[in-house]
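The values are calculated or read from the model by the stated rules, or taken from the named source; none is laboratory data. As the structure is a computational prediction, the values presented were derived from the model and not from experiment. Positions of Cβ are backbone-derived with ideal geometry, glycine not excepted, and every protein chain shown enters the neighbour counts.
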Amino acid sequence: MKKIILVISLLCLVFGADAKTKYKYYPNTTLRPDRTIFLYVPTVKEAKKALKSIPDPVHAKKAETLALTPIGDNGCRGQENMFDPNGATLCINEWARFDLFFPKESNGKMIVVIPGGGYNCVCHYIEGVYAADWFVERGYTVAVVKYRLPFGDSRIPLSDVHNVMRYAREHQQEWGVEKIGVIGFSAGGHLAASASTLYVDAATRPDFSILVYPVISITEPFGHVYTGQKLIGEYAKRAQEDAEALAYDQYKFTLSNMVTADTPPTFMVLTSDDMEVDPLNSISYYEALAAKKVPAELHVYQHGIHGFGFNYYKFTTDDWLYDARDNYFEALERWLNKQ
C-alpha cells in the first residue's frame with residue numbers, strides 16, 4: 001500500500017497541472033486566458049509544442065495559430081527567457097502571440113493591452129495580465145499582446161499589433177464587442193501611440209487609446225533614446241549609413257508629430273517624478289492632440305515610480321502609485337464609460 005501511495009505521489013509531482021517546478025515566475029493572480037493564439041506558428045501541432053515550451057504560466061490550456069506570414073525578422077533565435085518576477089520576457093520572435101480573456105458579461109468594449117519593456121523585453125505581469133484582471137472584472141474583452149521585439153526593425157512590433165487588431169475586428173460581432181481600444185505602458189505606450197497614429201486602415205485604427213507613462217519622443221532633449229535605438233537602430237551607426245533616413249525615422253516615431261484630427265480619443269496618466277521617461281513626452285503628445293482638437297485627458301500625479309502599471313493593492317503591498325491609485329482608477333473608469 002505504501003508503495004502504491006508513493007507511486008501516485010510521484011506521478012502527481014511529474015504530471016500535476018501547472019506544477020510549480022515548471023515555471024520560474026508566477027503572477028499574483030490566478031486569472032488565465034480563455035484562448036492563446038499564436039500569430040505566425042505554421043501549424044496547430046507546432047503551436048501546441050510552443051505552448052509547452054514557453055517559460056510563461058499565463059496561457060490557455062489549448063494553443064491556436066493564425067499561421068500568418070510575419071513582416072520582418074528580428075533575428076532572435078532560441079528559447080524565450082523570463083528573467084524577473086514582473087514577467088519580463090526576452091527573445092519573443094516566431095512565438096509572438098496574444099492571450100484572449102472573456103468576461104462573464106460583455107460591456108460591449110474590448111481592450112488590446114500592450115506591455116512595456118523598452119522594446120527590449122515584454123513585462124506582461126504588471127502591464128499585462130494584471131491589467132487584464134482589472135478590465136475583465138469590469139466587463140471588457142481583453143487581448144494581451146506578447147509582441148516581437150524590433151531589434152532595429154520598426155515594422156515588427158507594430159505589425160503584430162495590427163494583426164491582433166484585424167483579428168479582433170473580424171470577431172467583434174461574435175464577441176459582442178462594439179468598440180476596440182488600446183492601452184500601452186512605457187515603450188508599450190509608444191507602441192499604443194503608434195497604433196493610434198500609424199494605423200493603415202479602419203480595421204487597425206483603435207476606437208480609443210490609453211497611454212500610461214508612455215515614451216512619445218525618441219530624440220533629445222527629453223525623448224527616450226534607449227527605446228528609440230531599440231526600435232530603429234543605433235543612431236551613430238545609422239547616421240554614418242544614411243543620415244537622411246535616420247532623421248526621417250526619428251521624426252516619424254516621435255509620435256506627437258504624427259497626430260491628426262483622426263487620432264482616437266486618448267487618456268494619459270503619468271507622474272511628475274518619473275525618472276525613466278520624462279513627463280514632457282506625455283505633455284508633448286497632449287499638446288498635439290489639443291492642437292488637432294482630439295478629445296484628450298491628461299492626469300499627472302505627483303509621486304509614483306516609473307512602471308506602476310496595474311501592480312496595485314490587489315497584487316502587492318507596495319503600490320508605487322501610493323494614494324493616487326484609487327483616483328486614477330476612478331478617472332479611467334469614468335472616461336472609459338464615455339467612449
query = Is there any pair with a first residue in the range 211-223 that is under 10 Å from A187 (Cα atoms) and among the aromatic types (F, W, Y) and a second that is modelled with pLDDT of 95 or more and not in a loop (DSSP other than H, G, I, E, B) whose Cβ atoms are under 6 Å apart and which are 6 or more apart or on different chains, and what are they?
reply = Y213/L270
request  = Would you check if T69 is of a type in the set (S, T, Y), over 30 Å from E178 (Cα atoms) and touching a residue at least 24 places away in the same chain (Cβ under 8 Å)?
outcome  = no
inquiry  = Just to be sure before I move on: is G108 modelled with pLDDT of 95 or more and of a type outside the set (A, V, I, L, M) in the structure I sent?
reply    = yes
query = Right, Y235: under 29 Å from Q79 (Cα atoms), over 17 Å from the mean Cα position of the chain (by Cα) and at pLDDT 95 or above or not?
reply = yes
ask   = Checking N281 against (1) assigned to a helix (DSSP H, G or I); (2) within 30 Å of W320 (Cα to Cα); (3) without any contact (Cβ under 8 Å) to a residue 60 or more places away in the chain, which test does it fail?
value = (3)
Per-region count, the range 187-196, residues touching a Ser or Thr at 6+ places or on another chain (Cβ under 8 Å) and either among the polar types (S, T, N, Q) or surrounded by fewer than 23 Cβ atoms within 10 Å (Cβ to Cβ) (or both) = 1
task = Collect the residues in the range 321-339 that are surrounded by fewer than 18 Cβ atoms within 10 Å (Cβ to Cβ) and assigned to a loop (DSSP other than H, G, I, E, B), keeping them in residue-number order.
result = K338, Q339
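Please pick out the residue among P214, P221 that is touching a helix residue (DSSP H, G or I) at 6+ places or on another chain (Cβ under 6 Å) and either surrounded by fewer than 24 Cβ atoms within 10 Å (Cβ to Cβ) or not in a helix (DSSP H, G or I) (or both).
Checking each option against the conditions leaves just P214.
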ask   = Does D133 satisfy the criteria of being touching a residue at least 40 places away in the same chain (Cβ under 8 Å) and out of contact with any helix residue (DSSP H, G or I) (no Cβ under 9 Å at 6 or more places or on another chain)?
value = yes
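Select from the range 153-179 the residues that are closer than 17 Å to K230 by Cα and buried (at least 20 other Cβ atoms within 10 Å of the Cβ) and list them in ascending order.
Scanning the range 153-179 gives S154, I156, P157, L158, S159, D160.
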request  = Check E241 against each of (1) in a helix (DSSP H, G or I); (2) modelled with pLDDT under 95 and name the one condition it does not meet.
outcome  = (2)
request  = May I ask you to verify whether F98 is within 19 Å of G117 (Cα to Cα) and at pLDDT 95 or above?
outcome  = yes
